[in-house]
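One structure is given below, encoded as structure tokens.
The values are calculated or read from the model by the stated rules, or taken from the named source; none is laboratory data. All figures in this text were calculated on a predicted structure; none of them were measured in a lab. No Cβ is skipped: glycine too gets one built from the backbone with ideal geometry, and neighbour counts run over all protein chains shown. The area values use the complete protein model at the heavy-atom level, side chains included, leaving out ligands, DNA and RNA. Shrake-Rupley method; radii C 1.70, N 1.55, O 1.52, S 1.80 Å.
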Amino acid sequence: MAMVAQHQHQQSTSSGSSGMKHQLDNGKYVRYTAEQVEALERVYSECPKPTSLRRQQLIRECPILSNIEPKQIKVWFQNRRCREKQRKEASRLQTVNRKLSAMNKLLMEENDRLQKQVSQLVYENGYMRQQMHIPSAVTDASCESVVTTPQHSLRDANSPAGLLSIAEETLAEFLSKATGTAVDWVQMPGMKPGPDSVGIFAISQSCSGVAARACGLVSLEPTKIVEILKDRTSWYRDCRNLEVITMLPAGNGGTIELVYTQVYAPTTLAPARDFWTLRYTTSLDNGSVVVCERSLSGSGGGPNAAATAQFVRGEMLPSGYLIRPCDGGGSIIHIVDHLNLEAWSVPEVLRPLYESSKVVAQKITIAALRYIRQIAQESSGEVVYGLGRQPAVLRTLSQRLSRGFNDAINGFNDDGWSLMNCDGADDVIVAVNSTKNITTSTNSSNSLSFIGGVLCAKASMLFQNVPAAALVRFLREHRSEWADFNVDAYAAASVKASPYGYPGMRPTRFTGSQIIMPLGQTIEQEEMLEVIRLEGHALGQDDPFVSRDIHLLQLCSGIDGTTGGACSELVFAPIDEMFPDDAPLIPSGFRIIPLDPKSGDQKDARRTLDLTSSLEVGQSTSHGSSDTLTCQSTRSVLTIAFQFPFENNLAESVATMARQYVRSVINSVQRVAMAISPSGLSPSVSPKLSPTSPEALTLAQWICHSYTYHLGSDLLTSGSVVGDSLLKDLWQHQDAILCCSLKSLPVFIFANQAGLDMLETTLMALQDITLDKLFDDAGRKALFPEFAKIMQQGFAYLPGGICMSTMGRNITYEQAIAWKVLAADETTVHCLAFSFVNWSFV
């Protein structure tokens, strides 16, 4: 190659020369020798843009460059930087071109699949038209586009031949979903494919269960991707445990595995899920690798009955991963997740969470693809993290925070958790784990452990018309609005090399400010890991120079509002200022899960809004037209869990402090929710239904007083007439007592413990139960004619009959009493109350 000085700037190459020649002002060329080029390259590798002094120093130190002027050296470095920039740009363009080619291939395949689906729908439409013109035609269900998945009993899995047969069938059905038309896929809202997108995402429109699919390009080899995806606990944050019970060899170097998987429940209001599946790993003739999986049985199966006692068995329909090698490196991935999450087992208000394909896509399908892309970019060095932490270490810290928070919410018995002083009447649940002895240390030779454990105070509530992302963002940025820094200081003492106790903490004054120090974030910034420093100063003369700052390791996700329905979280744990990678973590925090109503279910949305107004004690007020409210109404479930270490002799004191603190946090969050609610909407929160709230106490007094007023006898025989004792006695009354609103469509607004047990529901889910759902046809025929009598004389006796719980179970009762509940003025009818005597499940 040749370098042209000053005016011409033209390069020429010489295939037979090992050096470089230079054109001077008089038109003569000077050739760079190989030694000169090598010396310049050494300097370039250290400093691509040397200063004038550095170039002059280079000439003095290298005699072989003595015949070259400094300005000629400057031009050499300019051209060298230009060539480097051109090389990098060419490499980047090649990478982009490979990605675009792969994405184009995916889009063409998706277009072909859609064309096949259109052709199939046209055929089915014509077939149905033809059948409609043939009166004697028998309905044929064979044209369903959804592949139904028969359950395989454990008897089929008792032999290798039976397992292989199930595996091959699973493979065929999975491929028909991944690349065929077995499921009616529609593009996921808000996730359009393009060169900068993660991939192509789709959700099921109508099929058995809920399903999601993703296709994308990742710069990793298929074997590495298979290794990552099969380790579900590393990327699926809700996966508590995955255990391979049996592994058998199969053809083509593949394997068949029997897998038992446990999945956390996202809130305290629902049970966790587990799965008993067959997983088949094999290679196809075109070099692709497939990992497919399906449930073996709907119930039973698994390691042992004791391990599954706290779980509801879910069903996995044929799902899995198809990984194809891509030309030029990398792989094209197809992911399908198809589940039946048994929505019947959760309160009705939470069922949209278990019946939503979009939630499955966000929590599992998209999460898997994002995690693989994250690993790929970290492997290539494209991601840089702060405070000197390695990417693998930060991922481990994030997973430990998330897992510890999920453990606290679920409180599994086999982890050592048990309820503490819980009679069902408390809005805050306190659980204790005495097996988690905290070990703290300042270095490897100095560690302290304390005899005690960890307490967890937790609660769940329903929010109306509060954007989840905005609420979590506010909680993150304005900690002083809801947190008590003295409680933070108590929790932080658990990770310091000094005994912790309660009470008697050293007095400290906190400024209320916080400093956020980012550690790292995922490539799409949907999750951030950071260190929070809360500034504090000691009061008095005791250790005036000792730092009182509190440090928290914090995980924040879903605050940008673009996660398409996934939950928003703020999880934190106290840490030491110089926390090691294996520092003990005791996570606490918030999780807000949007509950998307079923599409087209405007009636339910309007009814929910109507209910929230009826929850207020006294007359309800109108907040605008029903159409406006219906289209803007949103609901979400907020779950709070705070953990506190304790010593055995202070367990009761810490439990009292934890319960009171969580209640104060709930009140603060409610105030924040009211402040950030969109204009024109009135957020409502279900904790007002709590049996310990002032509204519940007032309602209890009205229920008992109205019963005596109308029937001439006392509802309660204990003699309680006022205060908390009356509320407690009503809550523990043996008969099921239910209250419903006086609306065109009456809904339940309160129930005692027996009433909740009879309905098999929770206080929060009452708002989704209408009066007509409770009674059967005979009960409704007996009740409706009595409404006029109830309104006229104030009460009515209803004959025994049968009603139905939310789980579909029949309930018998000997007698029911209905009466009007009057407000304090004894003229305004607040609601109707029912008492079911001697009820039992059939």
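Within region 475-486, track down each residue that is assigned to a helix (DSSP H, G or I) and buried (at least 19 other Cβ atoms within 10 Å of the Cβ). Even if it seems obvious, please write down each step before you answer.
Of all residues in region 475-486, those assigned to a helix (DSSP H, G or I) come to 475-477, 479-481, 485-486.
Selection gives Leu475, Arg476, Arg479, Phe485.
Cβ separations smaller than 6 Å between residues 6+ apart or across chains give the following pairs from region 216-243 residues that are free of Cβ contacts under 8 Å to residues at least 24 places away in the same chain to residues that are part of a helix (DSSP H, G or I): Leu242/Arg232; Leu242/Thr233. Looking only at residues of region 151-168 that are among the polar types (S, T, N, Q) and in a helix (DSSP H, G or I), we find that the one that is modelled with the lowest pLDDT is Asn158.
With at pLDDT 85 or above, part of a helix (DSSP H, G or I) and at negative phi as the only criterion, which of Ala700, Ala641, Ala696, Ala675 stands out?
On the way: Ala641 fails: part of a helix (DSSP H, G or I); Ala696 fails: at pLDDT 85 or above; Ala675 fails: at pLDDT 85 or above.
On inspection, the qualifying residue turns out to be Ala700.
Output yes when any residue across region 781-794 is more than 20 Å from Ser840 (Cα to Cα), part of a strand (DSSP E or B) and in contact (Cβ under 8 Å) with a residue 60 or more places away in the chain, and no when none is. Looking for residues that are more than 20 Å from Ser840 (Cα to Cα), part of a strand (DSSP E or B) and in contact (Cβ under 8 Å) with a residue 60 or more places away in the chain, one finds none in region 781-794, hence no. Each residue in region 410-428 was checked for being modelled with pLDDT under 90 and buried (at least 20 other Cβ atoms within 10 Å of the Cβ), and 2 of them qualify.
Filtering Thr51, Thr13 for residues that are modelled with pLDDT under 70 and either over 44 Å from the mean Cα position of the chain (by Cα) or loosely packed, with under 13 Cβ neighbours inside 10 Å (or both) leaves a single hit, Thr13.
Residue pairs whose Cβ atoms lie under 8 Å apart, separated by 6 or more positions or on different chains, with the first residue in region 716-736 and of a type in the set (Gly, Ala, Ser) and assigned to a loop (DSSP other than H, G, I, E, B) and the second at pLDDT 80 or above and open to solvent by less than 40 Å² (accessible area, probe 1.4 Å), are Ser720/Leu726.
Residue-by-condition table, conditions (1) over 21 Å from Lys177 (Cα atoms); (2) outside any strand (DSSP E or B); (3) of a type in the set (Lys, Arg); (4) modelled with pLDDT of 95 or more:
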site	(1), (2), (3), (4)
Asn252	yes, yes, no, no
Pro266	yes, yes, no, no
Gly300	yes, yes, no, no
Pro303	yes, yes, no, no
Tyr321	no, no, no, yes
Arg324	no, no, yes, no
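Check region 679-686 and report whether any residue there is open to solvent by less than 20 Å² (accessible area, probe 1.4 Å) and modelled with pLDDT of 85 or more. No, every residue in region 679-686 fails to be open to solvent by less than 20 Å² (accessible area, probe 1.4 Å) and modelled with pLDDT of 85 or more. Only a single criterion out of (1) of a type in the set (S, T, N, Q); (2) open to solvent by 40 Å² or more (accessible area, probe 1.4 Å); (3) assigned to a strand (DSSP E or B) is not satisfied by Asn286, namely (3). Exactly one residue among Asp757, Asp772, Asp768 is among the charged types (D, E, K, R), open to solvent by 40 Å² or more (accessible area, probe 1.4 Å) and either over 30 Å from Pro271 (Cα atoms) or under 33 Å from the mean Cα position of the chain (by Cα) (or both), and that residue is Asp757.
Does Ala782 satisfy being buried (at least 18 other Cβ atoms within 10 Å of the Cβ) and among the small types (Gly, Ala, Ser)? Step through it out loud before you land on a result.
Numbers: buried (at least 18 other Cβ atoms within 10 Å of the Cβ): no; among the small types (Gly, Ala, Ser): yes.
Spelling it out, it is not the case that Ala782 is buried (at least 18 other Cβ atoms within 10 Å of the Cβ) and among the small types (Gly, Ala, Ser).
Let's see how each residue does on (1) at pLDDT 90 or above; (2) of a type in the set (Ser, Thr, Tyr); (3) within 24 Å of Pro352 (Cα to Cα):
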| position | (1), (2), (3) |
| --- | --- |
| Thr179 | no, yes, no |
| Gln187 | no, no, yes |
| Val198 | no, no, no |
| Arg232 | yes, no, no |
| Asp274 | yes, no, yes |
| Thr281 | yes, yes, no |
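When Cys292 is tested against (1) at pLDDT below 95; (2) hydrophobic (A, V, I, L, M, F, W, C); (3) within 30 Å of Gly330 (Cβ to Cβ), only condition (1) is not met.
Could you list all residues from region 775-792 that are among the aromatic types (Phe, Trp, Tyr) and more than 41 Å from the chain's Cα centre (by Cα)? It would help to see each step written out before you state the result.
Taking region 775-792 as the starting set, the residues that turn out to be among the aromatic types (Phe, Trp, Tyr) are 775, 784, 787.
Passing the criteria: Phe784, Phe787.
Screening Ala469 against (1) outside any helix (DSSP H, G or I); (2) modelled with pLDDT under 90 leaves a single unmet condition, (1).
Among the residues of region 54-87, those identified as open to solvent by less than 90 Å² (accessible area, probe 1.4 Å), touching a residue at least 40 places away in the same chain (Cβ under 8 Å) and not β-branched (Val, Ile, Thr) are Gln72, Trp76, Asn79, Arg80. Residues of region 326-342 that are in contact with a helix residue (DSSP H, G or I) (Cβ under 8 Å, 6 or more places away or on another chain) and either in a strand (DSSP E or B) or buried (at least 19 other Cβ atoms within 10 Å of the Cβ) (or both): Cys326, Gly330, Ser331, Ile332, Ile333, His334, Ile335, Val336, Asp337, His338, Leu339, Leu341. Which condition number in (1) of a type in the set (A, V, I, L, M, F, W, C); (2) over 22 Å from Ser706 (Cα atoms); (3) modelled with pLDDT of 80 or more is the one that Ala778 fails? Every listed condition holds for Ala778 apart from (3).
All conditions in (1) charged (D, E, K, R); (2) surrounded by fewer than 14 Cβ atoms within 10 Å (Cβ to Cβ); (3) touching a residue at least 40 places away in the same chain (Cβ under 8 Å) hold for Lys820, with the sole exception of (2). Selection of region 393-407 for residues being open to solvent by less than 50 Å² (accessible area, probe 1.4 Å) and more than 15 Å from the chain's Cα centre (by Cα) yields Val393, Leu394, Leu397. Only one of the listed residues (Thr261, Thr246) is assigned to a strand (DSSP E or B) and open to solvent by 20 Å² or more (accessible area, probe 1.4 Å). That residue is Thr246. Looking only at residues in region 456-466 that are assigned to a strand (DSSP E or B) and of a type in the set (A, V, I, L, M), the one that is nearest to Ser434 (Cα to Cα) is Ala457.
All of Ala202, Ala172, Ala212 fail the test of being over 30 Å from Asn410 (Cα atoms) and either within 28 Å of the chain's Cα centre (by Cα) or assigned to a strand (DSSP E or B) (or both), apart from Ala202.
From the list Ser720, Ser706, which one is touching a strand residue (DSSP E or B) at 6+ places or on another chain (Cβ under 9 Å), surrounded by 14 or more Cβ atoms within 10 Å (Cβ to Cβ) and either at pLDDT below 80 or among the polar types (S, T, N, Q) (or both)? Spell out how you get there, then give the answer.
Details: Ser720 fails: touching a strand residue (DSSP E or B) at 6+ places or on another chain (Cβ under 9 Å).
Going through Ser720, Ser706 in turn, the sole match is Ser706.
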